[in-house]
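Take a look at the structure below.
The values are calculated or read from the model by the stated rules, or taken from the named source; none is laboratory data. For clarity, every value in this text was computed on a predicted model and none was experimentally measured. Cβ: placed from backbone, ideal geometry, glycine included. Neighbour counts: every protein chain shown.
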Amino acid sequence: MSSPERCPFPRTAGRYLAAMPGREHHEAAIRGTGPRQTGHKDMTQGMLQRLIRAQGRSRAARTVEVFGWIMLAEAPLVLLAPHGVAALLHLPELSEQAANYFRLVGLLLGGLGMLYVVSGRLNA
């Protein structure tokens, strides 16, 4: 008796996969075999080119990108000198714990800045 290909799943999951339409693609993806999709590589290259040379963007996308750069410029200041930034914003004197929370806000500010820059560059 010849048995079909050995399924990497337990018997119950194997029966479930056998009944699924297009299961060959699922099993090939799990094993890492099968036809390679070159569309992902082309799409990634296109996105990288748009990140490097952003052309054909709307005014809104440029505004979002500029706002992201401003946020990215503020983030290291908040991270490295929270007491100075608090004084510049006329906030009361920060305790040590408040300064650490202010640094966390700076980290969040940097992440959002990166998100805005990439979104503006990709015209998203």
Flag if Leu122 is farther than 30 Å from Gln49 by Cα and either in contact (Cβ under 8 Å) with a residue 60 or more places away in the chain or surrounded by 13 or more Cβ atoms within 10 Å (Cβ to Cβ) (or both): no
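Does Leu72 meet the test of being under 20 Å from Leu122 (Cα atoms), of a type in the set (A, V, I, L, M, F, W, C) and touching a residue at least 40 places away in the same chain (Cβ under 8 Å)? I'd like the intermediate steps shown before the answer.
Working: under 20 Å from Leu122 (Cα atoms): yes; of a type in the set (A, V, I, L, M, F, W, C): yes; touching a residue at least 40 places away in the same chain (Cβ under 8 Å): yes.
Taking the combined requirement at face value, the residue satisfies it.
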Check on Ala54, assigned to a helix (DSSP H, G or I) and of a type in the set (A, V, I, L, M, F, W, C): no
Any hit, the range 39-47, residues being modelled with pLDDT under 90, in contact with a Leu (Cβ under 9 Å, 6 or more places away or on another chain) and either hydroxyl-bearing (Ser, Thr, Tyr) or not in a helix (DSSP H, G or I) (or both): no
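Please go through the range 65-93 and pick out each residue that is assigned to a loop (DSSP other than H, G, I, E, B) and surrounded by 17 or more Cβ atoms within 10 Å (Cβ to Cβ).
Within the range 65-93, none qualify.
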Selection from the range 48-79 of residues that are basic (Lys, Arg), touching a helix residue (DSSP H, G or I) at 6+ places or on another chain (Cβ under 9 Å) and modelled with pLDDT under 80: Arg50
